[in-house]
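Working notes, structure below.
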Amino acid sequence: MAEDFHKPTKFPGKIFESFVGGIDPAESSRIAHETAMALLARVRVDPDPDVVERLVVYTDEHGIDTIAELWSRATPRSLPGALWRIYLLRLMIREDPHESSFLFQRGSEIIGTIDPVVAGASMPTGPDEIITLADQILRGIFDGDFAVALERAAAFCRVSAAGSASVADDSDAAEPARSATLTTRALRLSTVADELSSCAKLWRHESLD
């Protein structure tokens, strides 16, 4: 990612909208995969609640710079790529839970699929509920069914993308800049949803590395 992060890192929505994954040189790719596999394997073998909780709140206390350095440029359909996207989504939610919950709630009302149920947020979904959802999904990466956690995150992205697109349509005439921002967010969320769904399938086939 292009910006330099400081501790604790603030995470304005524009960073999410502009985020694009990339491919590191071979050594960086190796480190990304090895650290992701080592962390996940160690915690999931013995998911001590205190350790899991520290991993969930790590970026709240230390910022995202260390995680970004390790995983942000991993390919999307890989273990480090999946972990990066989960942390990224949680940070997006926590930086603006009011906007995140509003878009998710709107999406839940119009999407017409089971994604709101799969995501697992309480209804109606307010700021507290959306923060709880983000924490539950990240916690599930370490002490639950990994594929289910990825599918919940993908469902959240699809619902939020639908809400973002709907609000963008509503804002098009009166607030064109907001409409453009939300359209970009909807597209990015849709892309991340597809990437996380693919990761869940690969995990179930023991092919996510």
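Of note:
- Heavy-atom accessible area per residue - the stretch 164-209, 1.4 Å, Å²: 55 Å²
- Pairwise Cα inverse-distance average, inverted: Kirkwood Rh of the stretch 30-85 (Å): 11.7 Å
- Descending principal axes extents, the stretch 129-209, alpha-carbon based, whole Å: 48, 26, 14
- Around the Cα centre of the chain, unit charges on the Cβ atoms of Lys, Arg, Asp and Glu (plus for the first two, minus for the last two) sum to a dipole of about 340 debye.
- The mean sequence separation of alpha-carbon pairs under 8 Å and at least six residues apart, normalised by the residue count of the chain, gives a relative contact order of 24 percent.
- Solvent-accessible area, 1.4 Å probe, carbon plus sulfur percent, for the chain: 54 percent
- Remark: the stretch 70-83, residue by residue, has Karplus-estimated 3J(HN,Hα) of 7, 10, 5, 9, 5, 4, x, 9, 8, 4, x, x, 5, 4 Hz, where x stands for each Gly or Pro and the curve is 6.51 cos²θ - 1.76 cosθ + 1.60 at θ = phi - 60°.
- Per-residue Karplus couplings for the stretch 26-34, computed as 6.51 cos²θ - 1.76 cosθ + 1.60 with θ equal to phi - 60°, are listed in order as 4, 5, 5, 5, 4, 4, 4, 5, 5 Hz, Gly and Pro entered as x.
- Leu39 accessible area, assembled protein chains, probe 1.4 Å, Å²: 50 Å²
- In order along the stretch 152-165, phi translates into HN-Hα couplings of 5, 5, 5, 5, 4, 4, 5, 5, 5, 5, 4, x, 5, 5 Hz, rounded to whole numbers, per the Karplus curve 6.51 cos²θ - 1.76 cosθ + 1.60 with θ = phi - 60° and x for Gly and Pro.
- Leu70 - accessible surface, heavy atoms, 1.4 Å probe, Å² rounded to 10: 60 Å²
- Accessible surface, 1.4 Å probe, highest first, among residues Val51, Val43, Val117: Val117, Val51, Val43
- Largest to smallest in accessible area, the residues Glu99, Glu206, Glu175 fall in the order Glu206, Glu175, Glu99 (1.4 Å probe, all protein chains included).
- Between amide H atoms placed 1.01 Å from N, distances below 5 Å from Ile64 occur with Thr9, all of them 5 or more places distant or on a separate chain.
- Expected 222 nm ellipticity per residue - DSSP helices of 4 or more, -39500 (n - 2.57), all of the chain, to 500: -24000 deg cm²/dmol
- For Asp135, the accessible area of its heavy atoms, probed at 1.4 Å with every protein chain present, is near 30 square angstrom.
The values are calculated or read from the model by the stated rules, or taken from the named source; none is laboratory data. On a predicted model such as this, the values are computed, not experimentally measured, just so you know. Virtual Cβ from ideal backbone geometry, glycine too; neighbours counted across all protein chains shown. Please note that ligands, DNA and RNA were not included when accessible areas were found on the heavy atoms of the full protein model with its side chains. Shrake-Rupley method; radii C 1.70, N 1.55, O 1.52, S 1.80 Å.
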